[in-house]
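K.L.:
Submitted below is the structure of interest, expressed as structure tokens.
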Amino acid sequence: MKHAILKAFVTGTVALATPVSAMAQNDSASQSADIDALIARMTLDEKIGQLVQRMGGRSKSLNSRLGPEELDKVRRGEVGSYLHVAGADALRELQRVAVEESRLGIPLLFSMDVVHGYRTIFPVPLAMAASWDPEVAERHARIAATEASAAGLHWTFAPMVDIARDPRWGRIVEGAGEDAYLGSRMAAAQVLGFQGTDLSAADTIMAGTKHFGAYGAAEGGRDYAGAEVSERAMRETYLAPFRAAAEAGSASYMTAFNALNGVPTTGNEDLLRTMLREEWGWNGLLLSDWRAVEELMAHGVAGTRSDAARLALEASVDMDMVADVYAGDLKEAIKGDPALLPLLDQAVHRILDAKRKLGLFVDPYKYHDAAREAEVILSSDHRAAARDIAERSIVLLKNDGDVLPLAEGAQKIALVGALADDALSQLGSWRAQGRAEDVVTLRAALEAAHHNVVFAPGTDARTDDVTDIPEAVAAAESSDLIVLALGEDYDWSGEARSRSSLELPGRQLALFEALAATGKPLVVVLMGGRPLAIPEVAEKTDAVLETWLLGIESGPAIVDTLFGDNNPGGKLPASFPRTTGQVPVSYDHLPSGRPADPDLSKDTARYMDQPITPLYAFGHGLSYTRFSFGEPSVDRSSIPANGGEVTIALDVTNDGARAGDEVVQLYMRDPVASVSRPVQQLRGFRRVTLQPGETKRVSFTLSADQFALWSREGEWVIEPGEIELMVGSASDDIRGRVSVTIDGTGRGSIAPAAIPTRSKVQ
Ligand code: BGC
């Protein structure tokens, strides 16, 4: 067997207990030498072949392109990796061709966008971020990896960690929202979930953290548009989750499509080679996004395909996703400039090293076990986890007069809105192998739980047709209360799904107004993949439950929440604006010399025609119970800038009659510094469950380097002086303040938002 010969070259002797992060950064000399020996045997074409990722199919017809010509490419060593492929047996056969029938027998890497589940589909990532529970992010990724690896996959293009402050950008659904600290915790947790502590285990897969750069800062929220971002914002905000993912050992990254400060990311040597690799010391596999190498020409920085290949290689992009620019044109670039050859060898080295870390040189077939595939995919345990995670992702935005939870009983419910009956939408924009038939919709779950339900679609997000609205009104009039599903279906958010308006699409507002006019108690179940501007709904309805797109267990999770079997404990990971004109919007803005003042006779940093606040602030989320916060205290009043630590502690009490979860949020502010600092920055959070009347003490320990800023000189500096610490239930609901003084000046080493805060609950 060829792979046995390879095994001799690439020993794969990494101890099983070695953490991935150590493997990613501390290659042992012998493993590296083995890979070098293999590279020494490769022809130029075989080397370039390793850099090539090809489509094995389309995302909705996997494996469909694996015909005889494609297999010949594999035999000739012209392919390093495939995407849009799956299936234990199908991929075992493809791997066999690579291992048995190509000259060197180097195994292939199989990849897919497993973004929020493989077959067991979890809530969309923005929803999972709303759980404010990194354990949720890790657990979902562990299950996704278990299923994907059983289906023959080695690599997912996830987590998506792009910070998004402009909800017009449809890809906000794929990430963790607007905040660098929350985003960092979700990023690290997912990397851990996908990769585990041993990337060579048969049930772990390589994380492909994306889209490196400032993809989410696209101008005007238009997907693929360029971003103009200051170095400080870049370092402190946009790159922080990427840094957290690197710290967690992310073995690969994908580059962003867009240009950053005028330089297209996929050819941005300063950003990729100099910063990510040399400064951060990250040595993993860097993949371009789909045709992004070729698009360097459309960006206007490469005149030819071979120029594009050179720019990407110089920037240290190892693998070219589907453009075939490396495949077709890198050779010419190398012929013109032999100085590229060592760069090619480095790229090949990193790709082979990824294959080694996955254990493929030891056993190239370890991910192809049809029995395991049949056993784990959509198992009842995985479904139960999907339900629990869906419940934890729901956010109660409004609940006037405690209309929720609904009483169990004989009342008649009018369930209105096409989204309540739309199974496909609950899978979100990336659905891997998810199927609509696996989804339990809100309609199905409500009808099963509560027999007295009349359903009327009213209208949907895609039509201007209002003819069914009267039927919905009649259903409402003959019922005791209305549950109205409103929002966006799956195809309104995601890639290339930017909107110029954040209002409810279609004629849903007309439907809402007609139902509100009935005077019946009205509960809105908001669905979709982005914050929406819903001022009319917020004003006229009794209760609003944000349920995003919750995956296969969407319906049961929502019904449990409507009836109080689940007490909602999620919080918003992104601000909800009052109107589209308020975006971009984030809670951590700078103070301005003229801070916004509600008094319009003063000239301040606000709009004339809207209140200064968002409709629902970052961190907002209510519960069916009430929590009170005790006075916070710090264990010391000053700490040294170098190596200092401070612990802030407070009591949190459930004052209501139901058990519930509160997310205790910790914010900081540096009131006087060498540069203007945000009015608030999240630096810690902890989701706690409290029984009625119960009190728990929550503490957070921060190190001085978490107060650092990116200085005017271009360094992480911890400046002397006071730091304000705020604890609360939302960014606009601060319950206590305390401060600590930093003595002296210190140096930080990474983005403060990427550093995890230790927390304890007693
Ligand atoms: C997206 C990536 C995705 C890739 C492969 C691209 O269009 O931007 O996020 O991983 O396609 O499906």
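The values are calculated or read from the model by the stated rules, or taken from the named source; none is laboratory data. Predicted model, so just to flag it, every value in this text is computed and none were measured. No Cβ is skipped: glycine too gets one built from the backbone with ideal geometry, and neighbour counts run over all protein chains shown. Ligands, DNA and RNA are stripped out before the accessible areas are found, and what is left, the full protein with its side chains, is counted by its heavy atoms. Shrake-Rupley method; radii C 1.70, N 1.55, O 1.52, S 1.80 Å.
K.L.:
Which lysines, if any, have their Cα less than 28 Å from the Cα of Lys602, not counting same-chain residues under 8 positions apart?
P.N.:
Once the sequence-local lysines are set aside, nothing remains near Lys602.
K.L.:
If a/c stays under 1.5 just call it rounded; otherwise compare a/b with b/c (prolate if a/b is bigger, oblate if not). Do that for region 43-373, with a ≥ b ≥ c from the square roots of the Cα gyration tensor eigenvalues.
P.N.:
The shape class here is oblate.
K.L.:
Next question, about the same structure. Please list, ordered by chain and number, the residues whose modelled amide H lies under 5 Å from the amide H of Trp548; skip anything fewer than 5 residues away on the same chain.
P.N.:
Gly528
K.L.:
Taking the Cα centre of each part, how many Å lie between region 441-480 and region 168-219?
P.N.:
Centre-to-centre (Cα) distance: 37 Å.
K.L.:
Which peptide among 155-162, 385-392 comes first, and what is the full order, when sorted by highest mean count of other Cβ atoms within 10 Å?
P.N.:
Going from most to least packed, we get 155-162, 385-392.
K.L.:
Take the alpha carbon gyration tensor of region 285-340, find the square roots of its eigenvalues, order them as a ≥ b ≥ c, and report rounded if a/c is under 1.5; if not, report prolate when a/b exceeds b/c, else oblate.
P.N.:
Oblate shape, in that a/c is at least 1.5 and b/c is the bigger or equal ratio.
K.L.:
How far, in nm, would the chain grow between Ser230 and Asn642 when pulled straight, counting 0.36 nm per residue and subtracting the alpha carbon separation?
P.N.:
145.6 nm
K.L.:
Further, regarding this structure: Among rounded, prolate and oblate, which fits region 445-597 when a ≥ b ≥ c are the square roots of the eigenvalues of its C-alpha gyration tensor, a/c under 1.5 means rounded, and a/b larger than b/c means prolate? Provide the component values of the computation, followed by the final result.
P.N.:
Details: a/c = 1.78, a/b = 1.54, b/c = 1.16.
Prolate is the answer for region 445-597, as a/c is 1.5 or above and a/b outweighs b/c.
K.L.:
Hey, rough spin-label estimate for Ala410 and Asn261, points 7 angstrom out along Cα→Cβ, what's it come to in nanometres?
P.N.:
That separation, rounded to one decimal, is 7.0 nm.
K.L.:
Suppose R0 equals 51 Å; then what is the FRET efficiency for Thr467 and Ala37 from their Cβ-Cβ distance, rounded to the nearest 0.05?
P.N.:
After rounding to 0.05, the efficiency reads 0.10.
K.L.:
Evaluate the charge dipole of region 627-761 about its Cα centre and quote only its size in Debye, nearest 20, assuming +1 on the Cβ of each Lys and Arg and -1 on the Cβ of each Asp and Glu.
P.N.:
Details: 15 positive and 18 negative charges, 58 e Å.
With Lys and Arg at +1 and Asp and Glu at -1, about 280 debye.
K.L.:
Run through region 223-298 and list the trypsin sites (Lys or Arg not before Pro) located in a DSSP loop whose Cβ has at most 14 other Cβ atoms within 10 Å.
P.N.:
The qualifying sites: there are none.
K.L.:
Starting from 0.36 nm per residue, how many nanometres of slack lie between Glu513 and Arg697 once their C-alpha separation is accounted for?
P.N.:
61.8 nm
K.L.:
I want the antiparallel fraction of DSSP beta bridges within region 43-373, as a percent rounded to 5.
P.N.:
Details: 3 of 24 bridges.
Within region 43-373, antiparallel bridges account for around 10 percent of the total.
K.L.:
Separate question: Modelling each spin label as a point 7 Å along the Cα-to-Cβ direction, I'd like the Asp655/Ala339 distance in nm, to one decimal.
P.N.:
6.9
K.L.:
Enter the Cα centre distance for the pair region 529-594 and region 39-106, rounded to the nearest angstrom.
P.N.:
First find each Cα centre; the distance between them is then 44 Å.
K.L.:
On to the next question. Near the amide H of Ser638, under 5 Å away, which other amide H atoms are found, from residues 5 or more places off or on another chain, if H is placed in the peptide plane?
P.N.:
Those lying under 5 Å, H to H, from Ser638 are Thr741.
K.L.:
Could you run the Karplus curve 6.51 cos²θ - 1.76 cosθ + 1.60 with θ = phi - 60° over region 689-697 and give me ³J(HN,Hα) per residue in whole Hz, x for Gly and Pro?
P.N.:
Values per residue, Gly and Pro as x: 9, 10, 6, x, x, 7, 10, 10, 9 Hz.
K.L.:
For Thr579 and Glu715, what does the FRET efficiency come to when R0 = 60 Å and r is the distance between their Cβ atoms, rounded to the nearest 0.05?
P.N.:
Working from the Cβ atoms, E equals 0.90.
K.L.:
Within region 610-745, what whole-number % of the accessible surface is contributed by carbon and sulfur, with the 1.4 Å probe and all protein chains included in the calculation?
P.N.:
Ligands and nucleic acids excluded, carbon and sulfur reach 44 percent.
K.L.:
Checking the table Lys210/Lys355; Lys398/Lys520; Lys73/Lys331; Lys357/Lys571; Lys60/Lys366 against a 28 Å threshold on Cα-Cα, which pairs fail?
P.N.:
On the way: Lys210/Lys355 19 Å; Lys398/Lys520 17 Å; Lys73/Lys331 17 Å; Lys357/Lys571 37 Å; Lys60/Lys366 25 Å.
Correct reply: Lys357/Lys571.
K.L.:
Students often get this wrong: which residues of region 711-731 have the backbone nitrogen under 16 Å from the point 7 angstrom along Cα-to-C-beta of Val634?
P.N.:
718-728
K.L.:
Mind checking the dipole of region 696-762: about its Cα centre, +1 per Lys or Arg Cβ, -1 per Asp or Glu Cβ, Debye to the nearest 20?
P.N.:
480
K.L.:
Among Ala414, Ala474, Thr463, flag the residue with its Cα farthest along the positive direction of the charge dipole of region 392-582, charges on Cβ as +1 for Lys/Arg and -1 for Asp/Glu.
P.N.:
Of Ala414, Ala474, Thr463, it is Thr463.
K.L.:
Please list, or write none, the lysines whose alpha carbon is within less than 21 Å of the alpha carbon of Lys335, excluding same-chain residues fewer than 8 places away.
P.N.:
Answer for Lys335, where 21 Å is the Cα cut-off: Lys47, listed by chain and number.
K.L.:
Let me ask something additional. Tell me, what is the per residue accessible area of region 627-761 in Å², probe radius 1.4 Å?
P.N.:
38
K.L.:
Report, in deg cm²/dmol and to the nearest 500, the calculated mean residue ellipticity at 222 nm for the chain, where each DSSP H run with n ≥ 4 adds -39500 (n - 2.57) and the sum is divided by the residue count.
P.N.:
Estimated from H runs of four or more residues: -8000 deg cm²/dmol.
K.L.:
Region 376-430 to region 703-746: how many Å between their Cα centroids?
P.N.:
39
K.L.:
Here is a follow-up. Please list the non-local residues whose amide H lies under 5 Å from the amide H of Ala596, H modeled 1.01 Å from N, same-chain partners needing a gap of 5 or more.
P.N.:
Distant-sequence amide H within range of Ala596: Ala605.
K.L.:
Here is a further query. For region 350-355, just list the computed ³J(HN,Hα) in residue order, Karplus coefficients 6.51, -1.76 and 1.60, θ = phi - 60°, integers in Hz, with x standing in for Gly and Pro.
P.N.:
5, 5, 5, 5, 4, 5
K.L.:
Would you work out which of Val114, Ala141, Pro68 lies farthest towards the positive end of the dipole of region 58-141? Charges go on Cβ: Lys and Arg +1, Asp and Glu -1.
P.N.:
Pro68
K.L.:
I've got another one for you. What FRET efficiency, computed as 1/(1 + (r/R0)^6) with R0 = 35 Å and r the Cβ-Cβ distance, is obtained for Glu69 and Glu279, rounded to the nearest 0.05?
P.N.:
0.25
K.L.:
Quick check: residue separation of Asp733 and Asp381 times 0.36 nm, minus the Cα distance between them. What number comes out in nm?
P.N.:
123.0 nm
K.L.:
How big is the dipole moment of the chain about its Cα centre under a simple scheme where the beta carbon of each Lys and Arg is +1, that of each Asp and Glu is -1, and everything else is neutral? Debye, nearest 20, please.
P.N.:
1200
K.L.:
Another question, then. I'd like the Karplus ³J(HN,Hα) series for region 366-372: coefficients 6.51, -1.76, 1.60, θ = phi - 60°, whole numbers in Hz, and an x wherever there's a Gly or Pro.
P.N.:
These are the phi-based 3J(HN,Hα) values: 5, 8, 10, 10, 4, 5, 5 Hz.
K.L.:
So, with a 1.4 angstrom probe, what is the percent of accessible area on region 423-483 that is carbon and sulfur?
P.N.:
Here carbon and sulfur together make up 49 percent of the probe-accessible area.
K.L.:
Would you be so kind as to identify which of Ser637, Thr647, Leu622 lies farthest towards the positive end of the dipole of region 582-661, taking Lys and Arg as +1 and Asp and Glu as -1 on Cβ and the Cα centre as origin?
P.N.:
Ranked along the dipole, the leading option is Leu622.
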